[in-house]
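Here, each number is a calculation from the coordinates, and none is a lab measurement. Since the model is a prediction, treat every value here as computed from it, not as a measurement. Glycine also receives a Cβ, built like all others from the backbone with ideal geometry; neighbour counts cover every protein chain displayed.
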Amino acid sequence: MISISIAYAQESTKEEKKASFAVHTIHNSVAGFSTVFLGSLPINDKLDLTMYSVFWTNPTFGLEPSPGGGDLFIETGIGLGFKLLNDKWFINPSLGFGHGKFLSLGETTLLGEGIIPSVFTTYNQGKFEFEAYLAYYGALRKGGPVTRDFLLNWVAPGINAHKRFSVGAYYEQFVLTRSTDDIIREDSVYQWLGGYLKLKFDKGIFFRIAAGKNFATNLGQSDEFYKISAFIPF
């Protein structure tokens, strides 16, 4: 699954702050490729109205997808971005909704099939950087006899070794927390632990690769993982 990440690269000027927009592309060894759109509208110097949309392209998220790739899972949501400690610490709680049939397990796409509350936070000061994310995927609508809920989280503490790159540890877990089908039991879909390398470019662009060990293979996932992402603000 995905590893959803908002890292705003806004210049500090005396002028009125402008709305910002970014694209975050991600590919990992379980969920495959996805694209995240991120937007931010300033309310004041310390608070933003944020939005996001995640386009999952893995056909298994549509279970038995329609010809041409229909019924793929999509997330949309809004939130508030709080900037603290001279903009070094950013906290972004959001409320999103899932559309498709990944949670409702029906025959066709359902709008608002699931609710997705989440919180993202990042801190960057001197030699230290930190990123964490927590989201709950709860089924709202029944498309079939079975519904299911998931919990996604990741933590990435690191060191700014140079102005152009940083290194750190990476942990991510995706858990099936509830299923109305007694055959499918609650368990971790994956549980990753490894390290990351992040390359930093001008204008807030970065590229990050994480890799390591998967400690949850009960559902058939590989013993190892990789996750590659590129963040591009406009």
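Would you mind giving the average projected area, over all directions, of the Cα convex hull of the chain in nm² with one decimal?
Computed as one quarter of the Cα hull surface, the answer is 12.7 nm².
Projected onto the charge dipole of the chain (+1 at Lys/Arg Cβ, -1 at Asp/Glu Cβ, origin at the Cα centre), which of Leu152, Ser29, Tyr196 gives the Cα projection farthest towards the positive end?
Value computed over the given set: Tyr196.
Take peptides 44-50, 151-157 and line them up by average Cβ neighbours within 10 Å, highest first, as a rough protection proxy.
Descending packing order for the listed peptides: 151-157, 44-50.
So how do Leu103, Leu41 line up by other beta-carbon neighbours within 10 Å, fewest first?
Ranking Leu103, Leu41 by Cβ neighbours within 10 Å, fewest first, gives Leu41, Leu103.
Distance check, please: which entries in Lys83/Lys200; Lys18/Lys127; Lys17/Lys227; Lys46/Lys203 exceed 31 angstrom between their Cα atoms?
Cα-Cα > 31 Å for Lys17/Lys227; rest within.
When only C-alpha pairs under 8 Å and at least 6 residues apart count, what is the relative contact order of the chain, in percent?
It rounds to 14 percent for the chain.
Based only on other Cβ atoms within 10 Å, what is the fewest-to-most ordering of Phe21, Phe73, Phe61, Phe234?
Phe234, Phe21, Phe61, Phe73
Which order do His27, His99 fall in if you start with the one that has the fewest other Cβ atoms within 10 Å?
Ordered by Cβ neighbours within 10 Å, fewest first: His27, His99.
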